[in-house]
Amino acid sequence: MFTPETPQHTGADEELNIDDINELDDTDVQGLNLDSGSESTSISTDKQQGHQKQDRGLKRSNSPELNTVQDEGFDQKADFLPRVNMGSPFSSGVDITKAKSSTQSHDNPVANQRRLSMAQQSRFISYCDDKLMNIQRKFVQSRGLAEENGYTGLAPLLEDLKTVLDFLWYSIEGVAATESLLAVDLDSLTHEQYSSTESTDFGQMHYLLRVADDFLDYLTRFNLNSLSQEEQHKVLSKAFKFLMILDKIFARSLEGLVPGNTKMTGTEVVRIAGIAERTRMVVPRFLEEQRVHGYHFEVSKIYEETLERCA
């Protein structure tokens, strides 16, 4: 097929003489492809091929293998439901029922709690320093220096940190098991309930902030990939419960819902706000690196009460 020569166009300000138009000769007509049947055939063929591709695409999308690939990497509805039972004890050796019953009623909180003497405060500080130093030493040993003397996993470290946390809270409110804090609704507490109580504060907040900060540094150094799903769930349950207990303690301290209505100082508020924000960023990233799915509900609750009161 060849293209006939284009006739000359009229120039500017010239009139077209329709009587002087060259007609196509037989050679030009034979060179034109005027077969409409072949064009329609090619169009119908293209449509058929397009429908076949579309059908194959629909068949692939309905296949279970493709759905599995498409669903991989996407969160399921169950991932956003609570997975940690906050009413269960932190460790098997704790009687949660007894711990709750030992908590004073809201109408007469910590009526017999008093501030420690100077000598008791000195022993208290020495104990906390030694305990936190031992935890740090065992953690460093577990990194390869002396693994037989270090922590075998995250769970034993959380148990030791929880012991320090219980000791600190007992010096503030006289309640040994901090698990009982998880059952207390902060909105049900009022400042009047603590107005007639004596302040028990002598700097425990320094150690509470240190425990919260150290926990985050320790958490990201452990590997959960080698654990089974059941073991992972047990360890993560301890971790989220520990964070929830800290959240309750800091939220009450921000509101002054502790003996003597003692509130955090401005410096302490800035410190806990930074720790809380960093924890909310680090924990989800840690779970993603460990390929742990779910726990979205628990992640959303990290320091929720604390940050609401820091704003």
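No value in this document is a laboratory result; all are computed from the given coordinates. Computed from a predicted structure; not experimentally measured.
Pairs Lys77/Lys263; Lys138/Lys241; Lys77/Lys162; Lys162/Lys263: which exceed 29 Å Cα-Cα?
Table pairs above 29 Å Cα-Cα are Lys77/Lys263; Lys77/Lys162.
Let a ≥ b ≥ c be the square roots of the eigenvalues of the Cα gyration tensor of the range 185-311; is it rounded (a/c under 1.5), or, if not, prolate (a/b larger than b/c) or oblate?
Taking the square roots of the gyration eigenvalues as a ≥ b ≥ c, the range 185-311 is prolate.
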